[in-house]
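Since the structure comes first, as structure tokens, the remarks are kept for the end.
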Amino acid sequence: MTHIIDKIFANATRLIAIIVLLITAWIFTVLFQESLLSMQTFGLDFVTESKWAPNLEKFGAFAAIMGSVISTFLAMVLAVPIAIGVAIFLSEIAHAKLKAPVGVSIELLAAIPSVIYGMWGLFYFVPIIRDIFGGIGIGMLTAGIVLAIMILPFMAAVTRDAMNTTPDILKESAYALGGTKWDVIKDIVIPYSKAGIIGALILALGRAIGETMAVTFVMGNVHKVSFDLTQPATSIPVTLANEFTEADTKLYFSSLFELALILLVISFTIISIAKFYFLRRTRRA
Amino acid sequence: MSTICSVTEEKALEINKFDFTYASADEPSLKQVTMPIAKNSITALIGPSGCGKSTLLRSINRMHDLYPGNKYEGEIMYNGRNILDEKEDLISLRVNIGMIFQKPTAFPMSIYDNVAYGLRLQGMRNKTELGDRVEKALKDAAIWKEVRDRLKHDANGLSGGQQQRLCIARAIAVEPEILLFDEPTSALDPISTQGIEELVTELKDKVSIVIVTHNMQQAARVSDYTGFMYLGELIELGKTEELFVTPKERLTEEYITGKFG
């Protein structure tokens, strides 16, 4: 009897696992099918052209792709050093009594819905940027900073978790040789947890590149490649969020789907790389 | 009640009425431990798990200071000063009093860099000097022949026994006066254990050694003096051959004859 129950249970869990895979495959298929028209019409020009003119039925995703890349890059440049600093503090420096409350608050920050970051960014952050850097305040720079603030807690929490995997005995060995706290952090903790840290950073990168709500508020949705960071710009998710409701022609609709497909492939690649790092690490440990 | 034999040799350390209390505990884990440690000899600490032998060992290089709230009382005299003093420079103390752990702790770097680590911490930068010291330490730790051709390789590629000898090489490279061994063979196979035991015996010409072991035979094989600890107290300290043959305390006798453990 128990044998049969075990079998039913095993098959039920297997079925659920397969359903998840099927849904993923389904999403890919839908995106691909819906993109076909746009792919046939524009070919490779879709990714190299930045002219996005719905009224002329001309669609080029270059500005959106560049926007995603630049805003994410900006966010990473700003967030990585701070996140690593916070992680070092939480894992190695903070007093035990401080570790838990600060650690939990950071995890709570990571749970703030991104739309709230977006609203806060638009109403309170945009004016500050406008005063300091000029322009209208909405644009690439603001988006990068809001993204950085948004991914920072997650990045710090996961980096801290990676650093916490360093065995105490290994750290003690370095202290026992006359190492200072700083020596132990830079020679033992960081090298030991390097793979985990890189994994954490890449996971955060994956979040940043797909982030929609927080940046939609503050980016501007202008399809133009500009290296003046105070100018309004757009990114793939921002374009999708802003324009799906307006897509009145088949080609417009299909172009947005191709944009979505590109985003999915980018995110998928990034997450796979991160998981590959993590897996390699856990297998070694 | 305790019986402490007299140590005729010069002393490396003198522990006097030493109490230690963990931050998380109300009661002291070590009570009124008084114990001389002879220079250039091997002193073994034995006793059932939880008796405080590792706690005592980790007090000698102030390892407990890494975790806040732990409390020391009494004296540990070393070179004429009490190292429990608040002004004690823990960095230089730990350079002079090295430690080997229960498990091999090769750092995530090359074999060469592992051994050079302590020397570099002290500011040694000269390549030839570093190279000479690393080679000498590896030879003294009886592992030079096995690693001479792969000094640049990751130390984690070595076997457990080799890694533990590497850790010993790393510890002796900075030329400490005292070496503390915290159950150094508990994670090793019998052959590697024998290698480490032989190495420990050879090292006593250069350093004074305190070794914690859960293995009484190991204490009997390698040590000159043995201390038996029970429930945070040092019950008996004697010359090893005497303690194992004619223990003076009833508790010691019961422990070494296997009546409890």
When the Kirkwood radius is taken over all Cα pairs of region A:48-284, what Stokes-Einstein diffusion coefficient follows at 10 °C and 1.306 mPa s, in µm²/s? 82 µm²/s
Which residue, A:SER91, A:PHE133, A:THR48, has the largest displacement toward the positive end of the dipole of region A:48-284 when charges sit on each Cβ (Lys, Arg +1; Asp, Glu -1)? A:SER91
Any chance you could count the Lys pairs in chain A whose alpha carbons are under 13 Å apart, treating pairs 8 or more apart or on different chains as valid? 5
Tell me, what HN-Hα J-couplings in whole Hz come from the Karplus equation 6.51 cos²θ - 1.76 cosθ + 1.60 at θ = phi - 60° for each residue of region B:101-118, using x for Gly and Pro? 9, 4, 10, x, 10, 5, 6, x, 7, 6, 4, 4, 5, 4, 6, 6, 4, x
Sort B:LEU90, A:LEU177 so that the residue with the fewest other Cβ atoms within 10 Å of its own Cβ comes first and the one with the most comes last. B:LEU90, A:LEU177
What order do you get for B:TRP144, A:TRP52, A:TRP182 when you list them from fewest to most C-beta neighbours inside 10 Å? A:TRP182, B:TRP144, A:TRP52
Reachable lysines, given that their alpha-carbon falls under 17 Å from the alpha-carbon of B:LYS152 and they are not under 8 places away in the same chain: B:LYS127, B:LYS136, B:LYS139
When the Cα atoms of the protein assembly as shown are enclosed in a convex hull and the volume is divided per residue, what value in Å³ results? 235 Å³
Report, for chain B, the % of DSSP beta bridges that are antiparallel, rounded to 5. 50 percent
Using alpha carbon centroids, what distance separates region B:70-94 and region A:157-194, in Å? 25 Å
Just to check I understand the Karplus step: with θ = phi - 60° and J = 6.51 cos²θ - 1.76 cosθ + 1.60, what whole-Hz values come out for region A:46-52, glycine and proline as x? 4, 8, 9, 8, 9, 6, 10
Between B:ASN82 and A:ALA111, how high is the FRET efficiency from 1/(1 + (r/R0)^6) when r is the Cβ-Cβ distance and R₀ = 56 Å? Nearest 0.05. 0.65
With n ≥ 4 as the cut-off for DSSP H runs, can you work out [θ] at 222 nm for the protein assembly as shown, using -39500 (n - 2.57) per run divided by the number of residues, rounded to the nearest 500? -17500 deg cm²/dmol
When A:ILE65, A:ILE271 are ranked with the fewest other C-beta atoms within 10 Å first, the list becomes A:ILE271, A:ILE65
Label point at B:SER6 placed 7 Å out along Cα→Cβ; residues across region B:199-241 whose backbone nitrogen lies under 19 Å: B:225-226, B:236-241
Nearest 20 debye, what's the magnitude of the dipole of region A:48-284 about its Cα centre given +1 on Lys and Arg Cβ and -1 on Asp and Glu Cβ? 680 debye
Peptide B:107-114 - average C-beta neighbours from other chains (10 Å radius): 3
Taking the Cβ-Cβ separation of B:LYS139 and A:ILE18 as r and a Förster radius of 60 Å, what is the calculated FRET efficiency to the nearest 0.05? 0.50
Full-extension gain between A:ASP248 and A:ASP228, please, as 0.36 nm times their residue separation minus the C-alpha to C-alpha distance. 4.0 nm
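Quick note: the coordinates plus some simple rules give every number you see, no bench work behind them. On a predicted model such as this, the values are computed, not experimentally measured, just so you know. Ideal geometry is used to build each Cβ from the backbone, glycine not excepted, and the neighbour counts take in all protein chains shown.
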